[in-house]
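Chemist: Quick one: the structure is below, questions incoming.
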Amino acid sequence: MTARRPKSNLAAAMEALRLSEERYRLAFQINFDSIDICRLEDGKFIDVNDAFIRITGYKREEVIGRTAPEVGILGEPCRPGETARENTP
């Protein structure tokens, strides 16, 4: 037998998740600072905000799925546990 949470608890949890994701997306997109999200294992861009696009001049489609060196923005991507400063030549 499987325990089930009452629908009201599930609905409340789903609504809280939706609101949290909405706040994150809004903060990410309207931030005046350039923000990018990259995969840890290979450094490929997953998403970039509007400030990133404005500052770099790249279109989102030109960046997503590529690394910073492939785009021509930085040197080699950081390895897990390494900061950008440690990776700067």
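Chemist: Which count do you get for residues in the range 53-89 that are hydroxyl-bearing (S, T, Y) and at pLDDT 55 or above?
Modeler: Residues that pass the stated criteria total 3.
Chemist: Anything in the range 35-50 that is in a strand (DSSP E or B) and under 13 Å from A68 (Cβ atoms)? List them, or say none.
Modeler: D36, I37, C38, F45, I46, V48
Chemist: Just to be sure I understand the filter: pairs with C-beta atoms under 7 Å, separated by 6 or more residues or on different chains, first member in the range 11-39 and hydrophobic (A, V, I, L, M, F, W, C), second member assigned to a helix (DSSP H, G or I) and surrounded by 11 or more Cβ atoms within 10 Å (Cβ to Cβ). Which pairs pass?
Modeler: If the second residue must be assigned to a helix (DSSP H, G or I) and surrounded by 11 or more Cβ atoms within 10 Å (Cβ to Cβ), the pairs left are F32/A51; I35/F28; I35/A51; I35/F52.
Chemist: Could you tell me how many of the residues in the range 51-67 are in contact with a Lys or Arg (Cβ under 9 Å, 6 or more places away or on another chain) and either farther than 23 Å from R25 by Cβ or outside any loop (DSSP other than H, G, I, E, B) (or both)?
Modeler: Number satisfying all stated conditions: 3.
Chemist: Name every residue in the range 11-39 that is hydrophobic (A, V, I, L, M, F, W, C) and within 11 Å of the chain's Cα centre (by Cα), in order of residue number.
Modeler: F28, I35, I37, C38
The values are calculated or read from the model by the stated rules, or taken from the named source; none is laboratory data. Just so you know, these numbers come straight off a predicted model, no measurement behind them. Ideal geometry is used to build each Cβ from the backbone, glycine not excepted, and the neighbour counts take in all protein chains shown.
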